[in-house]
Amino acid sequence: ERARAAGCRVLFDPNVRPELWEVDPAPTMRRMLSMTDVLKGSREDLGGDTLPTEPDELLDAGPDAVFLTEGDAGARLIAAEGSPWGRGEWHHGGYRVDDVADTTGAGDAFTAGVVAGLVDGTAPEELLGFANAVAAASTRFEGAMTALPDREAVERVRDGR
């Protein structure tokens, strides 16, 4: 609420894990969606009684852009008219990583790539490619936050190295 009041765009990565809640998480998740500009979700986050499964339902709930990660199949961006790119849908197939050490934190790494792209005003196709490369590069090392790559490591992934 404070971020919205200050004119900030709000990005929400729900990391839905209903088993960790002592109460039904659905009302809180729906409230968060109503205050969200950009949603980053995975297949595991959507569905059930917690969050809608369809991108249009997610957009109707509040965000103007929805990034859906699809593991090693890449990611999609579905955007409404009010998004920085206008209405549209884009997909990037991701990057092949042969030397995977740990996938913990790959979703958070993807989100970091999205934030960097949003700050830079990057076009959707380039933003998805960059965010997927950040996620892929992060899988080459163990740990979540300790595996976050620098731009050189991201470019190595994008170049197929």
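The values are calculated or read from the model by the stated rules, or taken from the named source; none is laboratory data. Everything quoted here is computed from the prediction, not taken from an experiment. A quick note on method: Cβ atoms are made from the backbone with ideal geometry, for glycine too, and the neighbour counts reach across all protein chains shown. The protein model used for the area step is the full one, side chains on, heavy atoms only, and it has no ligands, DNA or RNA in it. Shrake-Rupley method; radii C 1.70, N 1.55, O 1.52, S 1.80 Å.
In table form, for the structure just shown:
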item: Relative packing of peptides 91-101, 1-11 - highest average C-beta neighbours within 10 Å first; result: 91-101, 1-11
item: Net charge dipole size for the chain [Lys, Arg +1 and Asp, Glu -1 on Cβ; Debye, nearest 20]; result: 360
item: Estimated [θ] at 222 nm from DSSP helical runs (n ≥ 4, -39500 (n - 2.57)) normalised by residues in the chain, nearest 500; result: -10000 deg cm²/dmol
item: Residue-count net charge about D13 - beta-carbon cut-off 13 Å; Lys, Arg +1, Asp, Glu -1; result: -2
item: From the coordinates shown, volume of the Cα convex hull per residue in Å³ corresponds to which of [x] 135; [y] 122; [z] 111; result: [y]
item: Cβ crowding within 10 Å averaged over residues, with 105-113, 16-24, 130-138 ranked highest first; result: 130-138, 105-113, 16-24
item: E89, E142, ranked by accessible area, largest first (probe 1.4 Å); result: E142, E89
